[in-house]
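One structure is given below, encoded as structure tokens.
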Amino acid sequence: MNVKDFINEINNTYPDIDKNEVASDDLISEKEKILGYKLPNSFKTFLKEFSNGILLLDAEPIGGVGEDDDSPCGSIFLASSYIKKNVINIIPTKETITPDKLIAFSLYDAMDSANNFWVFICDREYPDNEYRVGLISQYTEDIVVVLDSFEDWLTVLWNANKDSDDAISVFHSMYKTWEEREDLLRPDWRSQD
């Protein structure tokens, strides 16, 4: 689902959704300079045409651009300002990356009140800067889930929530049981019993 279709569908389904003001091109450019990376075109469209940060469907806290208090969920940031490890394992693809190449955009796990967060994986040049996205485990500081793009991420979120009365995060929609999620987030949790 492309971002414009997502915006149209969510606005039609939830016309009273509580959104933040949209971001300007200047605000986005300033944030890109600070980050040292261009943001995905789909994410910029989301910020400019839908909301500059939002607790999306009460399930996913999307950061905005600008100051932390400009967005209800804070501002996107380089993961290197948060992660202590020098090298991050991308578990599903058996790759590694440094945290200075990761931009956090979904800033915590609202479903579990946890500090797992989604990042753009800025490992190389992509058309329209449509980086892969990954979920960082608060326990291992590794990427435990990878999707092809922000639009794929939005598609998973929308498919899980469009006909549901309960808010469901992307991670929870992909891994339905607590045990499945813990196996990814904390692979050693079973041995700690």
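The values are calculated or read from the model by the stated rules, or taken from the named source; none is laboratory data. All values derive from a computational prediction rather than experimental measurement. As a convention, Cβ positions derive from the backbone with ideal geometry for all residues, glycine included, and neighbour counts pool all protein chains shown.
Annotations
Residue by residue, here is whether (1) buried (at least 17 other Cβ atoms within 10 Å of the Cβ); (2) touching a residue at least 12 places away in the same chain (Cβ under 8 Å) holds:
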residue	(1), (2)
ILE136	yes, yes
GLU151	yes, yes
TRP158	yes, yes
MET174	no, yes
ASP188	no, no
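- Counted residues, region 35-70 - those being at pLDDT below 90 and over 15 Å from the mean Cα position of the chain (by Cα): 5
- Any chance VAL119 is part of a strand (DSSP E or B), touching a strand residue (DSSP E or B) at 6+ places or on another chain (Cβ under 7 Å) and closer than 27 Å to THR13 by Cβ: no
- Counting only residues that are at pLDDT below 95 and in a loop (DSSP other than H, G, I, E, B), region 96-116 holds 8 of them.
Yes/no per residue for (1) among the acidic types (Asp, Glu); (2) free of Cβ contacts under 8 Å to residues at least 24 places away in the same chain; (3) more than 16 Å from TRP118 (Cα to Cα); (4) out of contact with any His (no Cβ under 6 Å at 6 or more places or on another chain):
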{"position": "ASN8", "(1), (2), (3), (4)": "no, yes, yes, yes"}
{"position": "ASN20", "(1), (2), (3), (4)": "no, no, yes, yes"}
{"position": "ASP25", "(1), (2), (3), (4)": "yes, yes, yes, yes"}
{"position": "GLY63", "(1), (2), (3), (4)": "no, no, no, yes"}
